[in-house]
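Visitor: Below is the structure I would like to discuss, written out as structure tokens.
The values are calculated or read from the model by the stated rules, or taken from the named source; none is laboratory data. What you see is a predicted model, and the numbers here were worked out from it, not measured in a lab. As a convention, Cβ positions derive from the backbone with ideal geometry for all residues, glycine included, and neighbour counts pool all protein chains shown.
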Amino acid sequence: MGGYLRSRLLTEILPYLRCPVCGCSLHEIEQAVCCFSCRKKFPLVRGVLRFVDSGNYADSFGYQWQKFSRTQLWPPFCERNLRRKTALSEEDVRGKLVLDVGCGMGRFAEVITRWGGRVIGVDFSAAAEVAASNLADRDFLAIQADVFSLPFAPEIFDCIYSVGVLHHTPDCEKAFKILPRYLKPCGAIAVWVYSGYNKWYRFSDQYRKVTTRIPPRKLHFFLRIVVPCLYWTNRGLRTIPLVGNALAGLIHHVFPVNQCPNPEIRILDTLDWYSPAYQSKHTYEEVFRWFENCGLEHLSVADVSIGVKGYAPARTETFRELPQAFREESVGFKGAKLL
């Protein structure tokens, strides 16, 4: 098998990989891993282990991160963003095995590897390829898989985080509640999802009924024209005495686009808002309830809402106590053995 699959990180994780179809152990074969039970084969393609076929509701992110492969790969910005949205620190990840759920092009995994963590980055889209390329020299393994059917044995990660991803799944709560079963006792888990408190996005929700049906490439072309026009209109209006700020605010409320001074980030973030098929918003009450329902403890909030961090309890019985129907649903594959 290629040198990539002989990496130390894959050697470490291979005994804990599980078939997402039947839940059995996986084994190395030429340029792939294979389930000897159900005969499913999961190939290594362009540096990424693939557990899903191409073409899914996350395709817009595949296009987005391949087009903007290094736009947000700016270490000081990413590190500050990660701290403020998750409250994670070096102590949570140093020397530990970490799961990045929705790794995108690898901007936060880059931070975690610099902090001394060994990162398994999972993404549903082809963005995993970009992460594999961007972090080829790091302690990082890219996997393309579905969060609702992750290919791992229970309780193997010391830390799990997901920043700006779970709200882009068909069911954000269900996606979150799957994750704690992969966390070791006393391990940290942190997520950041869109806030349901702000109402500025009401107009954008109406536009998204149309924009989500437009192929990402065409939407990107359209936004390259519209976003600069709205940005400079906003800037111009704010120079008008007395009424300028109010007029600029009104236009931004009706036609919300990113207002970052960096033109590339402006386009990227606006595309990120209008192209995904799913986009839910949440409150602290909701997210705290998810954590508590999973038996997570010592909950804390991050600086940017809605960010919450918690820890798995020291005992493993928490997951046994969940209703059987939920356990079967949350496992994501029929044959997985519950501890």
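Visitor: Could you please let me know if residue 160 is of a type in the set (A, V, I, L, M) and either touching a Cys at 6+ places or on another chain (Cβ under 7 Å) or in a strand (DSSP E or B) (or both)? Walk me through how you get there before you give the answer.
Guide: On the way: of a type in the set (A, V, I, L, M): yes; either touching a Cys at 6+ places or on another chain (Cβ under 7 Å) or in a strand (DSSP E or B) (or both): yes.
Judged against the criteria, residue 160 is a match.
Visitor: Still on this structure, I have one more. Mind listing whichever residues of region 223-256 are loosely packed, with under 14 Cβ neighbours inside 10 Å and assigned to a loop (DSSP other than H, G, I, E, B)?
Guide: Once the filter is applied, which keeps residues that are loosely packed, with under 14 Cβ neighbours inside 10 Å and assigned to a loop (DSSP other than H, G, I, E, B), region 223-256 yields 238, 239, 240, 241, 242, 243.
Visitor: Also: Give me the residue from region 72-108 that is among the aromatic types (Phe, Trp, Tyr) and modelled with pLDDT under 95 and, out of that set, surrounded by the fewest Cβ atoms within 10 Å (Cβ to Cβ). Show your work before the answer.
Guide: So in region 72-108, the residues among the aromatic types (Phe, Trp, Tyr) come out as 74, 77, 108.
Those left that are additionally modelled with pLDDT under 95: 74, 77.
Working: 74: 15, 77: 13.
Only one residue tops the list, namely 77.
Visitor: Go through region 87-108 and count every residue that is of a type outside the set (Val, Ile, Thr) and assigned to a helix (DSSP H, G or I). Full working, then the answer.
Guide: Within region 87-108, the first condition is being of a type outside the set (Val, Ile, Thr), and the residues that meet it are 87-92, 94-97, 99-100, 102-108.
Filter again for assigned to a helix (DSSP H, G or I), leaving 90-92, 107-108.
Count: 5.
Visitor: Applying the selection to region 30-40, what residues are more than 16 Å from residue 142 (Cβ to Cβ) and either surrounded by 15 or more Cβ atoms within 10 Å (Cβ to Cβ) or among the small types (Gly, Ala, Ser) (or both)?
Guide: Step one: filter region 30-40 for residues more than 16 Å from residue 142 (Cβ to Cβ), giving 30, 34-40.
The answer is 34, 35, 37, 40.
Visitor: Next question, about the same structure. Quick one: is residue 39 farther than 30 Å from residue 271 by Cβ, without any contact (Cβ under 8 Å) to a residue 24 or more places away in the chain and of a type outside the set (Val, Ile, Thr)?
Guide: Working: farther than 30 Å from residue 271 by Cβ: yes; without any contact (Cβ under 8 Å) to a residue 24 or more places away in the chain: yes; of a type outside the set (Val, Ile, Thr): yes.
Answer is yes for this residue.
Rundown of residues vs (1) closer than 30 Å to residue 298 by Cα; (2) assigned to a loop (DSSP other than H, G, I, E, B); (3) not assigned by TED's automatic domain parsing to the domain that holds residue 159; (4) not charged (D, E, K, R), yes/no style:
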{"site": "49", "(1), (2), (3), (4)": "no, no, no, yes"}
{"site": "53", "(1), (2), (3), (4)": "no, yes, no, no"}
{"site": "63", "(1), (2), (3), (4)": "no, no, no, yes"}
{"site": "85", "(1), (2), (3), (4)": "yes, no, no, no"}
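Visitor: Kindly indicate whether any position in region 51-71 is touching a strand residue (DSSP E or B) at 6+ places or on another chain (Cβ under 7 Å), closer than 23 Å to residue 134 by Cα and modelled with pLDDT under 95. Steps first, answer last, please.
Guide: Keep residues of region 51-71 that are touching a strand residue (DSSP E or B) at 6+ places or on another chain (Cβ under 7 Å), which gives 51-52.
Then drop every residue that is not closer than 23 Å to residue 134 by Cα, which leaves 51-52.
Within this subset, residues satisfying the condition of being modelled with pLDDT under 95 are 52.
So far as region 51-71 goes, yes, one or more of its residues are touching a strand residue (DSSP E or B) at 6+ places or on another chain (Cβ under 7 Å), closer than 23 Å to residue 134 by Cα and modelled with pLDDT under 95.
Visitor: Here's a follow-up. Go through (1) assigned to a loop (DSSP other than H, G, I, E, B); (2) loosely packed, with under 14 Cβ neighbours inside 10 Å; (3) not basic (Lys, Arg) one by one and return the number of the condition residue 20 breaks.
Guide: (2)
Visitor: Which one of these does residue 189 not meet: (1) of a type outside the set (D, E, K, R); (2) touching a Gly at 6+ places or on another chain (Cβ under 9 Å); (3) free of Cβ contacts under 8 Å to residues at least 24 places away in the same chain?
Guide: The failed condition is (3).
Visitor: What do you reckon, is residue 197 under 28 Å from the mean Cα position of the chain (by Cα), modelled with pLDDT of 95 or more and at negative phi? Break it down into steps so the answer makes sense when it comes.
Guide: Values: under 28 Å from the mean Cα position of the chain (by Cα): yes; modelled with pLDDT of 95 or more: no; at negative phi: yes.
Against the criterion (under 28 Å from the mean Cα position of the chain (by Cα), modelled with pLDDT of 95 or more and at negative phi), residue 197 does not qualify.
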